[in-house]
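The values are calculated or read from the model by the stated rules, or taken from the named source; none is laboratory data. Since the model is a prediction, treat every value here as computed from it, not as a measurement. Here the Cβ positions follow ideal geometry from the backbone for every residue, glycine too, while neighbour counts run over all protein chains shown. Please note that ligands, DNA and RNA were not included when accessible areas were found on the heavy atoms of the full protein model with its side chains. Shrake-Rupley method; radii C 1.70, N 1.55, O 1.52, S 1.80 Å.
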Amino acid sequence: MAGTNPAADLTNQLEPDDEQSSEHDSAYGDDDLISERTSLFSDIMKYREENGRRYHGYKDGAYLLPNDEVEQDRLDLHHHIFNLANGGKLYLAPIERPARVLDVGTGTGIWAMDFGDAHEESHVIGIDLSPIQPAWVAPNVEFLVDDAEDVWVGNTYDYVHIRMLSGAIKDWPGLLAKAFDHMNPGGWIELTEFEVWLHSHNNSLDRAPDIQSWQEGLREAAALIGRRFDVAVNLETWVRQANFTDVTQHKIIVPTAPWPKSKELKTLGAYQLLNMLDAASSYGQAHFTRVLGWSAEEYAVLSAKVRSQLKDRSLQLYSDLYTVYARKPMTAP
């Protein structure tokens, strides 16, 4: 999965040519191969512009959330929320100096970069469908454009990290099977997902009909395209079915606004409200317009109503954050 650079293997064979241009040099390589690589690079770098948002072009439609700067800011904020919820920890699994680490669906790459800074002994690879990660990173961190649901080849890993891919994966058991097969014995996997469904602490969700419509529409659209959102509650079962052992699940309640009395939860809720206000646009616009046939204007109206209800502290909304980590046995079953 980690991909290679074919040119790197030829470093010792390279010598400068007397001619400055290789445009007409028959030794340059097969024209079909050059064309194929050029086409692939073009697919990776192009984007879809739609209803004022930007989406990935490579494997277009595999992930229906945007990748523009607004969404990148939200993803970085989300990273901060995860750190707050976990007491400042980047991970919960009891890992010890993993040599090779894979971050699946790395997004902006912020987790991979933080992990690389904290673990200089680790080689950290982040993969994503969108090439939105920084070009300049620490020497032990690299980013690759790749689809986690394609065939995994090559490298094995000591730690695999997967976070917030609800709605992005068609075959979760298949993904976990690939991870299991490409992990070293004794290696750890860790998955973190919010339950993409809001609850109310005081049973007042019936006073938020637009939030309910939004959630129901998301699930309906996700079911139609085969990329389900009800992932968090199934993680533990799927991980066990994939033959991992020492399975541990943590569940944390995250308030969706600063309504709790607790100072820590109030702070967490304040950040989560900012995240959810942006999520009301990013989570759903493509689902409702591309899949459910809504107009952009119709979704904008719903999104505005959702944001208004999210700011109503009397609703006391929250969501559950699940983290599941497990180990590959030292001997295969």
Restricting to the range 184-215, name every residue that is more than 21 Å from LEU235 (Cα to Cα) and under 22 Å from the mean Cα position of the chain (by Cα).
TRP214
Going through the range 228-268 in order, the residues found to be among the hydroxyl-bearing types (Ser, Thr, Tyr) and loosely packed, with under 15 Cβ neighbours inside 10 Å are THR237, THR245, SER262, THR267
Residues of the range 78-116 being over 22 Å from LYS251 (Cβ atoms) and open to solvent by 30 Å² or more (accessible area, probe 1.4 Å), which ones?
GLU96, ARG97, ALA99, ARG100, ILE110, MET113, ASP114
Tell me which residues, restricted to the range 284-294, are touching a helix residue (DSSP H, G or I) at 6+ places or on another chain (Cβ under 9 Å) and either open to solvent by 20 Å² or more (accessible area, probe 1.4 Å) or assigned to a helix (DSSP H, G or I) (or both).
GLN285, ALA286, HIS287, PHE288, THR289, ARG290, VAL291, LEU292, TRP294
Kindly provide the set of residues from the range 305-333 that are of a type in the set (A, V, I, L, M) and in contact with a helix residue (DSSP H, G or I) (Cβ under 8 Å, 6 or more places away or on another chain), ordered by number.
VAL306, LEU310, LEU315, LEU317, LEU321, VAL324, ALA326
Go through the range 199-236 and report how many residues are under 20 Å from SER166 (Cα atoms), in a helix (DSSP H, G or I) and not aromatic (Phe, Trp, Tyr).
19
State the number of residues belonging to the range 117-175 that are of a type in the set (A, V, I, L, M, F, W, C) and assigned to a loop (DSSP other than H, G, I, E, B).
14
How many residues are open to solvent by less than 30 Å² (accessible area, probe 1.4 Å) and assigned to a loop (DSSP other than H, G, I, E, B) if we restrict to the range 298-333?
2
Might you check whether a residue that is in contact with a strand residue (DSSP E or B) (Cβ under 6 Å, 6 or more places away or on another chain), assigned to a strand (DSSP E or B) and at pLDDT 95 or above occurs anywhere in the range 237-246?
yes
For the range 247-262, indicate whether the set of residues that are part of a helix (DSSP H, G or I), closer than 26 Å to HIS161 by Cα and touching a residue at least 24 places away in the same chain (Cβ under 8 Å) is non-empty.
no
Does PHE180 satisfy the criteria of being open to solvent by 10 Å² or more (accessible area, probe 1.4 Å), in contact with a Ser or Thr (Cβ under 8 Å, 6 or more places away or on another chain) and not in a loop (DSSP other than H, G, I, E, B)?
no
